Each structure stands twice: as C-alpha cells, then as structure tokens.
Amino acid sequence: MLLPPAQAQKVADFGGGNTYSDLDPTNHTDIIDLRKEDPQWTSGPDLPAAKMYVSAVILPDGKVFETGGAKHNYAEYAVPEASMYDPVANTFTPVPADPLARMYHSESFLLPDGRVASIGNNPATGEFDLGISVYSPWYMSRQRPTITAAADQFDLGSTQNLTVSGNIGRVTLIRPASVTHQSDPNQRSVDLPITGTGTNISVAVPSNPNIIPAGYYMMFVQDMNGVPSVAKWVHVG
C-alpha cells in the first residue's frame, strides 16, 4: 500500500503467506522509499501477529488500520488481531480485533464518517460469511471539526478556499475504496498544504497527476488534536 501522505512516495507490505503450502505466514513488514535514486526494500516493524490476507486502511488522522487475516485458508486458522500503524513513529499499536473471521475474499474500507467497514470471508471449505463489522477509531467519540463550504471540483495545481469550524491543522484527500482480495492498490491519502487560520482557510492542490490521479476523493479536515471531520466528496482533475 502507498503510505500516507502520498507525497512521501513510500510503499509498505504487511505480513503474507502462501495459500497452497503448509508454511506458516510471516509477521514481517517491508517499506520502500520510491523517492530515492536506488530504491530498496527495508524491514519495517513486525506485525503483532503472523498472518496473510491482511487488510490495511488509511485513516483520516494519518494512521493505517490493519485487520483480519489467517495463518492458512481454513476457518480454524483465522487470526483475530488488529492494530494501528503510525507511519511517523513506524510502530504498530494493538486495537480491538474484529469479532468475525476475515480471511480470503474479505475487504475493509474507509467510510466517509471515518469509521472502517469490514465484510466477507471465504475459506477453502467454501462457505461465505455475510456478516459486516464496523470499527470506530478513537476520534469517533470526540467533537469533530466540520467543512461548511468548499467547491465540488478541484483542478490540479489550483488553490481552493474552504470554510471550516475548529482549529484546522491538516487537510487530506483520500481515495474511495476499490478493494479486491484484501488489496486496494488505488488507496492513497494526499496532504493539501494550508494557508490561513480560523474559519476561512485555503489549500493547495498538487499539480502532479501521479501523486493525485483524477477522480473522486473524500476530503477531511483535521484539528490540532488530530480529530478529523466527516468527509466532503470532491472531484479532482
């Protein structure tokens, strides 16, 4: 996955295994910095548990929520573990696990209000779990900042004016979900530099389409305590 913010151009993978062998999965993670002249994979912090079929979701507070997984593709090998990855501190912190097994053909994705939905489970025995779980991060119980006015269309390289509530320290655009088989290669969170303070601020939209491909995004504002707003949908490009 492309770690937040997208401008950092760092890609990580979490865990992994082989469905068709008896080998146990790994808890290792790897990170590569694509800005370097000669990018090389380096070891990241270990996951709290060894597993494959890991779902990783970028949150509007800049963290990455990882959940689900299994040692092997049979129900008895589900791994009930979840944690929060901090790209700045480069650490995993355990959080409550999904009460339902999430293995092959499962998906997790960010909702516009900042929660994470997890669906599906299809182990090798053939059954399919129709249960849905919703994870509420810490910020759901806090007073949220709001976006009260913003354009619906953001052109590349433009400056956009926002009307907000709260003392805003960060604005991000997060791509909506396009998940299959636990993987969302389209997932990204793009930081928008801020000018101004108070209820009227301006943000700079990057001009590089490789950083911010055209399409729809969820825009979140985040206050100085790291609490994000509910998203406003905007179109870029």
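The values are calculated or read from the model by the stated rules, or taken from the named source; none is laboratory data. Values in this document were obtained by computation on a predicted structure and should not be read as measured data. When we count neighbours, we look across all protein chains shown, and the Cβ atoms used for this are built from the backbone with ideal geometry, even at glycine.
Mind checking whether some residue in segment 199-218 is of a type in the set (F, W, Y) and within 30 Å of H105 (Cα to Cα)? Spell out how you get there, then give the answer.
Quick first cut of segment 199-218, residues of a type in the set (F, W, Y) only: 216-217.
When the remaining residues are screened for being within 30 Å of H105 (Cα to Cα), the result is 216-217.
Scanning segment 199-218, I find at least one residue that is of a type in the set (F, W, Y) and within 30 Å of H105 (Cα to Cα), so the answer is yes.
Considering only residues that are hydrophobic (A, V, I, L, M, F, W, C) and without any contact (Cβ under 8 Å) to a residue 24 or more places away in the chain, look in segment 102-142 and name the one that is surrounded by the fewest Cβ atoms within 10 Å (Cβ to Cβ). So that I can check it myself, show each step before the final result.
Within segment 102-142, the first condition is being hydrophobic (A, V, I, L, M, F, W, C), and the residues that meet it are 103, 109-111, 116-117, 119, 124, 128, 130, 132, 134, 138, 140.
If we keep only those that are without any contact (Cβ under 8 Å) to a residue 24 or more places away in the chain as well, we get 111, 117, 119, 128, 130, 132, 134, 138.
Working: L111: 16, A117: 15, I119: 18, F128: 10, L130: 8, I132: 10, V134: 12, W138: 13.
So, considering only residues that are hydrophobic (A, V, I, L, M, F, W, C) and without any contact (Cβ under 8 Å) to a residue 24 or more places away in the chain, the one surrounded by the fewest Cβ atoms within 10 Å (Cβ to Cβ) is L130.
Filter segment 82-91 down to the residues that are surrounded by fewer than 22 Cβ atoms within 10 Å (Cβ to Cβ) and of a type outside the set (G, A, S) and list them by number.
Hits for segment 82-91 are M84, D86, P87, V88, N90, T91.
Quick one: Q160 ticks every box in (1) outside the structural domain of L59 (by TED's automatic domain parsing); (2) surrounded by 21 or more Cβ atoms within 10 Å (Cβ to Cβ); (3) not in a loop (DSSP other than H, G, I, E, B) bar one, so which box is it?
(2)
Which numbered condition trips up P193, out of (1) touching a Lys or Arg at 6+ places or on another chain (Cβ under 9 Å); (2) surrounded by fewer than 16 Cβ atoms within 10 Å (Cβ to Cβ); (3) closer than 18 Å to V234 by Cα?
If we test P193 against (1) touching a Lys or Arg at 6+ places or on another chain (Cβ under 9 Å); (2) surrounded by fewer than 16 Cβ atoms within 10 Å (Cβ to Cβ); (3) closer than 18 Å to V234 by Cα, just (1) comes out false.
Which condition from (1) touching a helix residue (DSSP H, G or I) at 6+ places or on another chain (Cβ under 9 Å); (2) more than 30 Å from G16 (Cα to Cα) is the one that I201 breaks?
It fails just one condition, (1).
Identify all residues within segment 166-214 that are among the hydroxyl-bearing types (S, T, Y) and outside any strand (DSSP E or B); write none if there are none. Even if it seems obvious, please write down each step before you answer.
At the first step, the residues of segment 166-214 found to be among the hydroxyl-bearing types (S, T, Y) are 172, 178, 180, 183, 189, 195, 197, 199, 202, 207.
S178, T197, T199, S207, listed by residue number.
Where in segment 73-142 are there strands (runs of 3 or more DSSP E), lying fully within it, with 1 or more residues that are hydroxyl-bearing (S, T, Y) and in contact with a Pro (Cβ under 9 Å, 6 or more places away or on another chain)?
Numbers: elements: 82-86, 91-95, 107-110, 116-119, 132-135.
Strands (runs of 3 or more DSSP E) meeting the threshold: 82-86, 91-95, 132-135.
Within segment 144-157, which residues are in a loop (DSSP other than H, G, I, E, B) and within 17 Å of K232 (Cα to Cα)? Don't jump to the end; show me each part of the working.
Residues of segment 144-157 that are in a loop (DSSP other than H, G, I, E, B), as a first pass: 144-145, 150-152, 155-157.
Those that are in a loop (DSSP other than H, G, I, E, B) and within 17 Å of K232 (Cα to Cα): R144, P145, A150, A151, D152, D155.
Condition check ((1) small (G, A, S); (2) at pLDDT 95 or above; (3) out of contact with any Leu (no Cβ under 9 Å at 6 or more places or on another chain)) across all residues:
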{"residue": "F128", "(1), (2), (3)": "no, no, yes"}
{"residue": "S136", "(1), (2), (3)": "yes, yes, yes"}
{"residue": "P145", "(1), (2), (3)": "no, yes, yes"}
{"residue": "T172", "(1), (2), (3)": "no, yes, no"}
